[in-house]
Amino acid sequence: VTIFDGIPPNPTYEVIVDGLKVCTENNCDSLFVVGGGSPIDAAKVIAACYSNDLKPEQVVGLLKVKKSTLPCYIVPTTSGTGSEVTNAAVISDTRTHQKKFVVDPKLVPIAAALDPNLLKSLPPQITAETGMDALTHAIEAYTSLNRFSEAKRDAQLAIKLILEHLPVAYEHSNNLEAREWVALASFLAGHAFNKSGLGYVHAISHQITAHYNKSHGLANAVILISVLKFNKPACSDQFATLEKMVSNEDFGSDEVLADRFIERIEALNKRINIPGRLKDLDTKYFDKIVKNALKEARMSYAVPRQMSPAQCKDILITISDGPHP
């Protein structure tokens, strides 16, 4: 066994190259990953590059992995990314400050084990942020215009499980039942968005985390509220359905129930101490973030409502804790 533990949050091309070097020097024949979304994503790209004899930038994009990757076995230590079940990995380009995507069915790991005992030591803040990442996956998959019945079913169940069990896991880290349900929800959300895709929360979050190296889950949690409000005119019936599911109450119009669902997500953020805004966002990058976020959404996601550059910039201003223009 050879150990490679040099993977930071938001892994970069350079990290992949380092991992490839370790793989080559030790003639590795498989990868066993214990860690969160960053180690899992990095391992998937390392496995693809190693078996295809390619540099990381050469596998970026759709269906660039021609040969089967080294076998990957995953034990997640966070409950959020769902990367243990998806066909994608995200790598940061430090030169362009952009997130790059490797997407290919060959990236799906051979097996994953969800062990709540490994999640007990997860700090409350990371529990909250990764849990909100999973919730964002589920909501964006649920509201996507890519309609798959099994994806919608998995997303709906993931939303219910996270709303019920994430606060318990956050407040009582040793509660193995809550940990297990949140881990399963993250897996289901990953399975759902792997089919249906994501939306504007992730499109914006990817640009912010590439520029400012913020936690991906934290950025998602903060952006989510603004995008829910933006999507409400196109999604009020879906939000109403979700509210009925979690509250077991069906009185009120779709408009009222949709508002109640958004308020429920806001209340969850407050309960698990997610801030309302992100600190240290320099407005000079906003135009570039808007351009790249809308490009990502246009090319990759079946969003329920189209967003203009001005609307995207308004969201950035809303979530920024810095001076506003």
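A few points about this structure:
- Candidates in the range 96-144 are the residues that are more than 30 Å from ASP287 (Cα to Cα) and among the small types (Gly, Ala, Ser); of these, the one that is surrounded by the most Cβ atoms within 10 Å (Cβ to Cβ) is ALA112.
- Scope the range 193-209; condition part of a helix (DSSP H, G or I) and either within 12 Å of the chain's Cα centre (by Cα) or within 15 Å of ASN292 (Cβ to Cβ) (or both); matching residues: PHE193, ASN194, TYR200, VAL201, HIS202, ALA203, ILE204, SER205, HIS206, GLN207, ILE208, THR209
- Some residue of the range 244-254 being in contact (Cβ under 8 Å) with a residue 24 or more places away in the chain and open to solvent by 60 Å² or more (accessible area, probe 1.4 Å): no
- The residues of the range 14-66 that are in contact (Cβ under 8 Å) with a residue 24 or more places away in the chain and basic (Lys, Arg), listed by number, are LYS44, LYS55, LYS64.
- Per the conditions (1) of a type in the set (A, V, I, L, M); (2) open to solvent by 10 Å² or more (accessible area, probe 1.4 Å); (3) more than 24 Å from LEU107 (Cα to Cα); (4) touching a His at 6+ places or on another chain (Cβ under 8 Å), the sole criterion not satisfied by ALA178 is (2).
- Yes/no for ASP93 being surrounded by fewer than 19 Cβ atoms within 10 Å (Cβ to Cβ) and not hydrophobic (A, V, I, L, M, F, W, C): yes
- Of all residues in the range 49-63, exactly one satisfies the criterion of being among the β-branched types (Val, Ile, Thr) and assigned to a helix (DSSP H, G or I), namely VAL59.
Condition check ((1) open to solvent by less than 70 Å² (accessible area, probe 1.4 Å); (2) assigned to a helix (DSSP H, G or I); (3) touching a strand residue (DSSP E or B) at 6+ places or on another chain (Cβ under 6 Å)) across all residues:
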site	(1), (2), (3)
ILE7	yes, no, no
VAL17	no, yes, no
VAL34	no, no, yes
SER38	yes, yes, no
ASP41	yes, yes, yes
ALA47	yes, yes, yes
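- Residues of the range 297-311 satisfying the condition of being under 19 Å from the mean Cα position of the chain (by Cα) and either at pLDDT 95 or above or of a type in the set (S, T, N, Q) (or both): ALA297, ARG298, SER300, TYR301, ALA302, VAL303, PRO304
- Matching residues in the range 271-313 - criterion: being touching an Asp or Glu at 6+ places or on another chain (Cβ under 7 Å) and loosely packed, with under 15 Cβ neighbours inside 10 Å: ARG277, LYS279
- Single residue of the range 239-282 satisfying the filter (part of a loop (DSSP other than H, G, I, E, B) and more than 22 Å from ILE223 (Cα to Cα)) that is modelled with the highest pLDDT: SER253
- Of the residues making up the range 50-88, those that are surrounded by 20 or more Cβ atoms within 10 Å (Cβ to Cβ) and closer than 13 Å to LYS100 by Cβ are PRO56, VAL59, ALA88.
- Residue check, ASN231 modelled with pLDDT of 95 or more, not in a helix (DSSP H, G or I) and not β-branched (Val, Ile, Thr): no
The values are calculated or read from the model by the stated rules, or taken from the named source; none is laboratory data. What you see is a predicted model; the values in this text were computed from it and never measured. With ideal geometry, Cβ positions are generated from the backbone for all residues, glycine too; neighbour counts draw on all protein chains shown. Surface accessibility is based on the protein's heavy atoms, side chains included, excluding ligands, DNA and RNA. Shrake-Rupley method; radii C 1.70, N 1.55, O 1.52, S 1.80 Å.
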